[in-house]
Each structure stands twice: as structure tokens, then as C-alpha cells.
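Here's the structure, in C-alpha cells; my notes come after.
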Amino acid sequence: MKFIKWKTEIFYIVTVMTNPMYVVAIQKAKAIVTDVGGMICHAAIIARELGLPCVVGTGKATKILKDNMEGIVDGTKGIVYLSD
């Protein structure tokens, strides 16, 4: 699991996939981004229940997203927008 701090007190979870052991961390996160998964994967279900934006199945988020990057996770469109 990779915690990406995008602003001082806001962090997103960026990981290959989530599992039930991540729930405590997910409850503190502002969004979830995963490399694998689909509409009924663990990350998507937990995010929906907690009202968090979530983008799953990116294929490469863990390789691209780094600490202190700024951006927006749009769970409705399934897009992660990065600031310049």
C-alpha cells in the first residue's frame, strides 16, 4: 500500500489493490486509486459505502503517482487529474 500525500493533511491511497486489512486506512483517506479492479472490487465497494472518490483498474497508478503530487480523483469519470 502506498499513501500519497497530495496536500499537507490530505492523503489518497494508491495501491495495486485493496483488501479488508486496508479498511482503517481507507476510512482516513480522501480517495482511493488502484492499479487493478473493476466495478465490484473491494476498493470500489468500500469507497462507495464511505462516499469516497475511487478510480480502479488504472494499470499504472502506483508507478506514476508520487508523494506530494497534487491532483483530483474524479470517481464519476474514472480519471485522476494531475496538476502541473
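List of remarks:
- CD proxy at 222 nm, helix term only [per DSSP H run n ≥ 4: -39500 (n - 2.57); per residue of the chain; nearest 500]: -5500 deg cm²/dmol
- Taking the DSSP bridge list for the chain and keeping only pairs wholly inside it, about 55 percent are antiparallel.
- For Thr18, residues with placed amide H under 5 Å, excluding near neighbours: Ala43
- Computing mean projected area of the Cα convex hull in nm² for the structure here picks out one of (i) 4.8; (ii) 6.2; (iii) 6.8, namely (i).
- Within a Gaussian network of the chain (alpha carbon springs, distance under 10 Å), most fluctuating of Ile32, Ile45, Ile13: Ile45
- Each Lys and Arg Cβ is given +1 and each Asp and Glu Cβ -1; about its Cα centre, the chain then shows a dipole of about 100 debye.
Bear in mind that the values in this text are calculations on the coordinates, not laboratory data. Quick caveat: nothing in here was measured; it's all calculated off a predicted structure. Positions of Cβ are generated from backbone atoms using ideal geometry, with glycine treated the same way; all protein chains shown enter the neighbour counts.
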